[in-house]
Amino acid sequence: MPAPTNYTAASAVAVMKQVIDTNIELVQNAEQGLDKRIAAISAYDVGTEKFRAPVQLDSGGQVGGSNPDGGVLLQGTGPEYLQFIIVPKCHEVAITSTDLLNRISKAGGERTIVVDVISKLIGRTSISMSHFRNCLLQGYNQGILATVDATYVSGNTVQLANPSFGARLLNLNNAYQVTDANMNVLGTVTVLDKSKPSPSTVDTVTLDQLPNSASWGAGCYFIPLNYASATPVGPAGLQYLITASQAFDQFGLERTLSQVQSASVNAGGSTLSLGVISAMNARRALSIGTGSNIGDHFYYTNTVQRVTAERLGFAKVMMLTDNGKQPLMDIAPAASMRWTIGGLEVMEDSCAATDYIYDIVPSMLGKARYPNSMKFMTGPIEGFWYQRMINNQHSTTYDAHFQDSWEVYSRNAWKHAVGHNLGIDASLALAA
């Protein structure tokens, strides 16, 4: 079954003149989440040269005993600096239309469609890019968006492992590369359908085709188009920036350096609790000191972890009455109440890993971009459209390309903390 064609005038018939309801809703996850928060942080424009972020490993100074009665003085030490080498990664969102759809969208009078499809398409492109950045921000830096679950055997309906992400980072009607367990690209597939997201049990996606490879199966990955086979490298994600791992490097610095390792707590499959939060705080304090100024920080996790928090916060209340009438008790907190842990904001995100919670200091995060990155590429038709060639012939199909390049980095890994391998509340652990 081929991927649907959603850029023709015929495909937009649902929003032509006869439509009355103009409140058209997007029915798949387009959350911008943490990317939107990081966007508020000052970003650096970088040239073609590598962007260097210095890291101070040692403040300098040698301590020891002193003999003021003719003794030899100590030889001092100076501060030690190393640097991250940061190179923005380039991406694009491509949109498509046809000549007829463009004409209809610009029609006037009685021919005007209820929704200007092209304007809406163009207007949402930057949101699509922000959602894509948010998806890539969840993982490591290889662009892994989904993993084929161990229960998958065969067929175009594919089970995806959850935790951490299931199918939540894949978009309907988008094409992706699929790789084997060693990240070798096996082919390109298009997501035709998705099951509704599950908090912990496997999700499924329906693909237009399967890669013609014996290596396809459980343990394979979905990654973006145009990522390199065997060695895909994308923007850094939270699992790359905030981790206690000593494997590989972080922007050129070996992770065996303790200064690039964050405080980390393994929950061992248990649900979120005070013990996990206290352990994150204690391990961070051991690195930077109990009296150190962390700065403004907040927690970041998947919205399903709120269920555990609310169950932990449940308490019985005794209400006395002198008229024999018992008021009806509200069993849930107010929906408008902000979720906090220890008085700190908890940012919920449906894209976030269900088995992680991060304690993030936003002032320690930075974003590097190439100059003028976020824009449509200049095209010959109306400023940004390109005419598509089909079988070496011009067609009435047009493509436009919204581009961006970015890299997110942390100036001080010790100020962040992470809790991982969290369990899911029992009310969400079973299939719906």
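The values are calculated or read from the model by the stated rules, or taken from the named source; none is laboratory data. It should be emphasised that the depicted structure is a prediction, and the values quoted were computed from it without experimental measurement. Glycine gets a Cβ as well: all are built from the backbone with ideal geometry, and neighbour counts include every protein chain shown.
For this structure, a couple of remarks:
- Matching strands (runs of 3 or more DSSP E) fully within region 117-195 where at least 1 residues are closer than 14 Å to residue 225 by Cα and out of contact with any Asp or Glu (no Cβ under 8 Å at 6 or more places or on another chain): 175-179, 185-194
- Boolean, residue 275 is at positive phi and either touching a strand residue (DSSP E or B) at 6+ places or on another chain (Cβ under 7 Å) or surrounded by fewer than 16 Cβ atoms within 10 Å (Cβ to Cβ) (or both): no
- Pairs linking a residue in region 361-372 that is assigned by TED's automatic domain parsing to the domain that holds residue 300 and within 13 Å of residue 414 (Cα to Cα) to a residue that is of a type outside the set (A, V, I, L, M, F, W, C) and in a helix (DSSP H, G or I), with Cβ atoms under 6 Å and 6 or more positions apart or on different chains, are 361/415; 364/415.
- Looking only at region 196-238, and only at residues there that are under 19 Å from residue 91 (Cβ atoms) and either among the β-branched types (Val, Ile, Thr) or out of contact with any strand residue (DSSP E or B) (no Cβ under 7 Å at 6 or more places or on another chain) (or both), the one that is surrounded by the fewest Cβ atoms within 10 Å (Cβ to Cβ): 231
- Any hit, region 177-193, residues being buried (at least 17 other Cβ atoms within 10 Å of the Cβ), at pLDDT 90 or above and acidic (Asp, Glu): yes
- Residues within region 403-432 that are basic (Lys, Arg) and assigned to a helix (DSSP H, G or I), tallied: 1
- Filter pass, residue 160 being under 25 Å from residue 424 (Cβ atoms), outside the structural domain of residue 411 (by TED's automatic domain parsing), in contact with a Ser or Thr (Cβ under 8 Å, 6 or more places away or on another chain) and buried (at least 19 other Cβ atoms within 10 Å of the Cβ): yes
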